[in-house]
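Inspection log for the structure reproduced underneath, given as structure tokens.
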Amino acid sequence: GLLGVGFQRFGNKEKLKSSPLQHLFEVYVQINKAAEDENTKELAKDFFRKLEEHDEQTLSLWKQFRDLSIEEYIRIYKRLGVRFDEYSGESFYQEKSQEVLKMLEDKGLLQKTTKGTGIVDLSEKKDLSSFSTVMRSDGTSLYITRQVNLAAAIDRMNKHSWDTMIYVTDKSQSNHFQQLFQILKLMGYDWAERCQHVSFGLVQGMKTRRGEVIFLEDVLNEVRSRMLQNMASAKTTKEIEDPMETAEKVGLAALIIQDFRGLLSSDYQFSWDRALQSRGDTGVFLQYTHARLHSLEQMHGNKQLTDVNVACLQEPDAISVLQHLLRYDEVLYRSSQDLQPKHIVSYLLTLSHLAAVAHKTLPVKGSASEVAQARLCLFQAARSVLANGMELLGITPVTQM
């Protein structure tokens, strides 16, 4: 509602076409400043009510915002290697929210306050010590009855018969999801037990050269250009076929590892310098290790090794890598249970450090044929697990940098 009124007041059709997300954000900031004024608030409520009543003019403006936004999301997510099968936001469930309110009423769960607001009592003693508001006094639906929420959960179950439904949002919505799952249980849906909320914290101090509010695309462009500079000034960099693409993949690895190193719900301080270090616990170090192990394989003919005598791997550094490789399935299982990528991140960082040490102390070149074969096999296994784990985190391993 606010954005609709804001666009009527401050919008520019040319800017909307050329950079939709930035322009809609600018308009939203401007209208929020004006929203202290009661008249603006009323206009926004009015716009929202017209949307729910399917007013053509209002709907067409909303549809334009939505379509342009989704085009932008598809383009930017593609850079992250992410693709969605379905885009269904809260507007999609506006029709069904009325059905949900009727279901709540039929089950005797919907109560009206003296002001006419619709609520559901969530308290154990049924004394309204804990409740959730599901309908405004003017009859328009609320976030919980629409989108990710009651109507959507029921519809998605009917449509997809899912095993688990995982909601990924920032942690400020934790309370909302607790209420949602509780209401679904009260409605008699036993599958509410299989709904999970994965919450994430805030990234602090992430300034790019363009200023305070950060758009993901600016961050992706900046990490790529910083990575290109680092690669150009590094003495070890060989000629790379496509430096731009390599910089993009290595830069993305840097962002992803910095983001996934701790608990997802923890806030953290972002640092460009720390994220882009080539030594230490960074995504750049993982990519560097992968590229070195790949070139070692290439140097020795890149062949599939059979009949390897593993008894040749007696050195402590070889045994450390082998023992660590054995833990991979346990780490994957742990991440699949609590949906935290940090277990995989710390495993891969340790694997890279162990492989880097072994690479120095266990030469392949110049060793007896049987020993060389066994060591090569060890490094191949380390590279394969490293690549596999990186791909699970959304990182594309590079073969040169």
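The values are calculated or read from the model by the stated rules, or taken from the named source; none is laboratory data. Keep in mind that what you see is a predicted model, and the values were worked out from it rather than measured. Here Cβ is always computed from backbone atoms with ideal geometry, including for glycine, and neighbour counts include all displayed protein chains. Calculation scope for accessible area: heavy atoms of the full protein, side chains included, ligands and nucleic acids excluded. Shrake-Rupley method; radii C 1.70, N 1.55, O 1.52, S 1.80 Å.
Give me the pairs, please: first residue somewhere in segment 108-134 and assigned by the TED database to the domain that holds M187, second residue anywhere and open to solvent by 50 Å² or more (accessible area, probe 1.4 Å) and of a type in the set (K, R), beta-carbon distance under 9 Å, and either six or more positions apart or on two chains.
Qualifying pairs under 9 Å: L110/K102; G116/R136; T117/R136; G118/K112; G118/R136; I119/K112.
Checking I74 against (1) surrounded by fewer than 15 Cβ atoms within 10 Å (Cβ to Cβ); (2) modelled with pLDDT under 90, which single condition isn't satisfied?
It is condition (2) that I74 fails.
Of all residues being open to solvent by 60 Å² or more (accessible area, probe 1.4 Å) and in contact (Cβ under 8 Å) with a residue 40 or more places away in the chain in segment 17-38, which is farthest from the chain's Cα centre (by Cα)? Just the residue, please.
If we take residues in segment 17-38 being open to solvent by 60 Å² or more (accessible area, probe 1.4 Å) and in contact (Cβ under 8 Å) with a residue 40 or more places away in the chain, then K17 is farthest from the chain's Cα centre (by Cα).
So is I257 surrounded by 13 or more Cβ atoms within 10 Å (Cβ to Cβ), out of contact with any His (no Cβ under 6 Å at 6 or more places or on another chain) and part of a helix (DSSP H, G or I) or not?
Against the criterion (surrounded by 13 or more Cβ atoms within 10 Å (Cβ to Cβ), out of contact with any His (no Cβ under 6 Å at 6 or more places or on another chain) and part of a helix (DSSP H, G or I)), I257 qualifies.
List, please: which pairs have Cβ atoms under 8 Å, are six or more places apart or on different chains, and start with a residue in segment 146-175 that is more than 17 Å from M187 (Cα to Cα) and end with one that is open to solvent by less than 30 Å² (accessible area, probe 1.4 Å) and in a loop (DSSP other than H, G, I, E, B)?
Q147/G89; Y167/V148; T169/V148; D170/G201; K171/G201
Would you please name the residue that is most open to solvent (accessible area, probe 1.4 Å), looking only at residues in segment 39-71 that are among the acidic types (D, E) and closer than 30 Å to I256 by Cα?
The selected residue is E71.
Looking at V310, V321, V364, which is the one that is open to solvent by 70 Å² or more (accessible area, probe 1.4 Å) and touching a residue at least 60 places away in the same chain (Cβ under 8 Å)?
Selected residue: V310, the only one of V310, V321, V364 that is open to solvent by 70 Å² or more (accessible area, probe 1.4 Å) and touching a residue at least 60 places away in the same chain (Cβ under 8 Å).
With closer than 30 Å to R49 by Cα and at pLDDT 85 or above as the only criterion, which of S174, S225 stands out?
S174
So, in segment 7-21, how many residues would count as being assigned to a helix (DSSP H, G or I) and out of contact with any Asp or Glu (no Cβ under 9 Å at 6 or more places or on another chain)?
Qualifying residue count for the region: 8.
Would you pick out the residues in segment 128-148 that are in a loop (DSSP other than H, G, I, E, B) and at pLDDT 80 or above?
Within segment 128-148, L128, S129, S130 meet the criteria.
Counting only residues that are touching a residue at least 40 places away in the same chain (Cβ under 8 Å) and not charged (D, E, K, R), which one in segment 218-234 is nearest to L80 (Cα to Cα)?
L220
Sort out which residues of segment 242-280 are among the charged types (D, E, K, R), more than 22 Å from V168 (Cα to Cα) and in contact (Cβ under 8 Å) with a residue 12 or more places away in the chain, and write them in order of number.
Result: E248, K249, R274.
Can you find a residue in segment 347-354 that is at pLDDT 95 or above, in contact with a Lys or Arg (Cβ under 8 Å, 6 or more places away or on another chain), part of a helix (DSSP H, G or I) and open to solvent by less than 20 Å² (accessible area, probe 1.4 Å)?
Yes: one or more hits.
Of the residues that make up segment 96-108, is at least one in a helix (DSSP H, G or I) and at pLDDT 90 or above?
Checked segment 96-108: no residue is in a helix (DSSP H, G or I) and at pLDDT 90 or above.
Every residue in segment 151-167 that is open to solvent by 30 Å² or more (accessible area, probe 1.4 Å) and not in a helix (DSSP H, G or I), please.
Hits for segment 151-167 are S161, D163, T164, I166.
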